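Asker: Can you keep this structure in mind? I'll have questions shortly.
The values are calculated or read from the model by the stated rules, or taken from the named source; none is laboratory data. It should be emphasised that the depicted structure is a prediction, and the values quoted were computed from it without experimental measurement. Ideal geometry is used to build each Cβ from the backbone, glycine not excepted, and the neighbour counts take in all protein chains shown.
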Amino acid sequence: MFQHVEAYPGDPILSLNEAFGKDPRPNKINLSIGIYFDDAGKIPMLPSVRAAELKVVAEAGARPYLPMEGAVNFRTAVQHLLFGAEHAAVKAGRIVTLQTVGSSGGLKVGGDFIHRYFPGSVMLVSDPTWDNHRAVFEGSGITVKTYPYYDAATGGLRFDAMLEALKAAEKKSVVLLHACCHNPTGVDLTQAQWQALVPVLKERELIAFLDLAYQGYGDGIEEDAYAVRLLADEGLSFFVANSFSKSMSLYGERCGALSVVCPDAAQAVNVLGQMKATIRRNYSNPPLHGGQLVARVLTDPELRPMWEAEVVAMRDRIQLMRRQLHDVLSAKLPGRDFSYFLTQRGMFSYTGLTAEQCDRLKDEFGVYLVRSGRMCVAGLNTGNVEATAKAIAAVLS
Ligand code: LMR
């Protein structure tokens with residue numbers, strides 16, 4: 001019956017994380033999956049989220065289905081977080097925000113919508129991008145191509161080449177952009193570069209699709225929404241998928257959203273309607289619990305500042321780990337430049353390590369990095385940073 005079903009080779013990130021879980025070595029180090037671990041190596045339960053959960057559970061009653069588009073308190077709170085409550089596009093009712101199953105759900109729903117309403121559009125993703133982007137959008141039936149992004153020679157951005165490629169893109173192409181903390185490289189556009197991108201998006205009538213999975217891990221919650229607000233200020237119509245997995249440490253709750261900025265409120269009504277239909281076709285409606293925690297944290301006057309301070313602490317700890325890894329590695333291998341650990345931002349750094357070197361790190365030292373050379377620096381802590389540096393120095397020598 002199923003002879004024709006081929007073996008699954010596994011997912012480069014999730015399968016590696018599963019392999020880590022099965023590794024019996026006590027000193028193994030997980031720098032594979034994009035999860036923030038605290039200095040004790042644990043996934044934190046943020047006190048703000050815990051307090052929100054106690055309140056939500058205390059008030060919980062029946063568990064009806066949510067509407068297809070999700071809970072209205074979640075959707076409003078997320079829209080205000082992304083765009084600012086006073087933004088003209090918010091006030092004009094031009095933005096549709098839907099609660100989705102993680103931001104992956106937002107990408108998938110957005111992908112299905114684009115395939116249906118912009119059937120000729122190709123999707124352009126950065127080279128490289130998150131391993132799952134291509135799979136999600138190809139799964140929606142979209143043709144996916146790349147634009148230049150990462151500069152292996154400098155560990156920075158090939159901005160001129162990126163801009164040239166987008167200037168040459170077919171009109172109405174969809175351009176997937178990481179709003180902050182690029183996954184996998186940690187290399188972001190500066191504010192000036194975002195500004196330089198806007199006229200190209202306009203001239204080529206490109207449809208921006210922003211992925212904002214790490215809000216708060218770059219420069220700050222507000223600062224990391226810069227690109228979202230700039231594009232809205234510039235009157236562009238675009239998509240943005242965002243996530244609370246990392247910023248609220250709510251990975252398994254699958255709390256995300258998809259927002260679509262439309263030219264006017266009348267078009268927003270129809271986009272909302274067709275998005276509801278898209279969600280119905282995919283998973284009917286989103287789950288209740290996690291979204292209510294997010295809505296509570298975002299709107300509760302005591303919990304909101306608590307959460308903002310917790311995000312600062314997570315961001316600062318990652319910065320500290322970047323600095324320590326940089327310093328230890330620079331001391332061990334003085335001829336080499338590890339400054340990219342300091343300039344790249346967010347959870348990830350692109351180390352330049354080859355797949356074979358990553359295999360050696362895993363097999364010989366129990367240090368897990370994605371085979372592309374992506375390191376989740378948020379998995380480093382004061383207890384493992386020295387061992388990580390030692391292992392990297394060994395495979396580089
Ligand atoms: C990652 O990039 O490691 C995370 O976003 C988790 C995932 O689903 O891939």
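Asker: Starting from segment 339-352, take each residue that is within 16 Å of the ligand (Cβ to nearest atom) and list its partners that are among the aromatic types (F, W, Y) and outside any loop (DSSP other than H, G, I, E, B), counting only C-beta distances under 9 angstrom and pairs at least six apart or across chains.
Answerer: As it stands, the answer is Q344/Y350; S349/Y340; S349/F341; Y350/Y150; Y350/Y340; T351/Y340; T351/F341, since those pairs meet every condition given.
Asker: Hey, A241 hits all of (1) surrounded by 24 or more Cβ atoms within 10 Å (Cβ to Cβ); (2) in contact with an Asp or Glu (Cβ under 9 Å, 6 or more places away or on another chain); (3) part of a helix (DSSP H, G or I) but one; which does it fall short on?
Answerer: All conditions pass for A241, except number (3).
Asker: Now, a different point. Within segment 151-168, can you find the residues that are surrounded by fewer than 20 Cβ atoms within 10 Å (Cβ to Cβ) and either part of a loop (DSSP other than H, G, I, E, B) or within 16 Å of the ligand (Cβ to nearest atom) (or both)?
Answerer: If the condition is that a residue be surrounded by fewer than 20 Cβ atoms within 10 Å (Cβ to Cβ) and either part of a loop (DSSP other than H, G, I, E, B) or within 16 Å of the ligand (Cβ to nearest atom) (or both), then A152, A153, T154, A168 are the ones that fit.
Asker: Right, here's the next one. State yes or no: is S32 hydroxyl-bearing (S, T, Y), closer than 30 Å to A355 by Cβ, within 16 Å of the ligand (Cβ to nearest atom) and not assigned by TED's automatic domain parsing to the domain that holds G235?
Answerer: So S32 passes the test.
Asker: Does P12 satisfy being surrounded by fewer than 21 Cβ atoms within 10 Å (Cβ to Cβ) and more than 16 Å from the ligand (Cβ to nearest atom)? Working first, answer last.
Answerer: Values: surrounded by fewer than 21 Cβ atoms within 10 Å (Cβ to Cβ): yes; more than 16 Å from the ligand (Cβ to nearest atom): no.
No: the conditions fail for P12.
Asker: Mind listing just one residue for me: the one in segment 196-214 that is in contact with an Asp or Glu (Cβ under 8 Å, 6 or more places away or on another chain) and crowded, with 22+ Cβ neighbours inside 10 Å and, of those, nearest to A227 (Cα to Cα)?
Answerer: So, considering only residues that are in contact with an Asp or Glu (Cβ under 8 Å, 6 or more places away or on another chain) and crowded, with 22+ Cβ neighbours inside 10 Å, the one nearest to A227 (Cα to Cα) is L212.
Asker: Which number in (1) farther than 24 Å from T185 by Cα; (2) in contact (Cβ under 8 Å) with a residue 60 or more places away in the chain marks the one condition that L258 misses?
Answerer: Just one mismatch for L258, condition (1).
Asker: Let me ask another. Give all pairs with beta carbons closer than 6 Å in which a residue from segment 134-154 that is within 14 Å of A165 (Cβ to Cβ) meets a residue that is among the aliphatic types (A, V, I, L, M) and surrounded by fewer than 18 Cβ atoms within 10 Å (Cβ to Cβ); count only pairs at least 6 apart in sequence or on separate chains.
Answerer: Hits for this filter: K145/V122; P148/A161.
Asker: Out of the residues in segment 99-145 meeting the condition of being β-branched (V, I, T) and away from the ligand (no atom under 16 Å from the Cβ), tell me which one is surrounded by the fewest Cβ atoms within 10 Å (Cβ to Cβ). Break it down stepwise before answering.
Answerer: Filtering segment 99-145 down to residues β-branched (V, I, T) leaves 100-101, 109, 114, 122, 125, 129, 136, 142-144.
Now narrow it down to the ones that are away from the ligand (no atom under 16 Å from the Cβ): 109, 114, 122, 142-144.
Details: V109: 25, I114: 20, V122: 16, I142: 19, T143: 13, V144: 19.
In this case the residue turns out to be T143.
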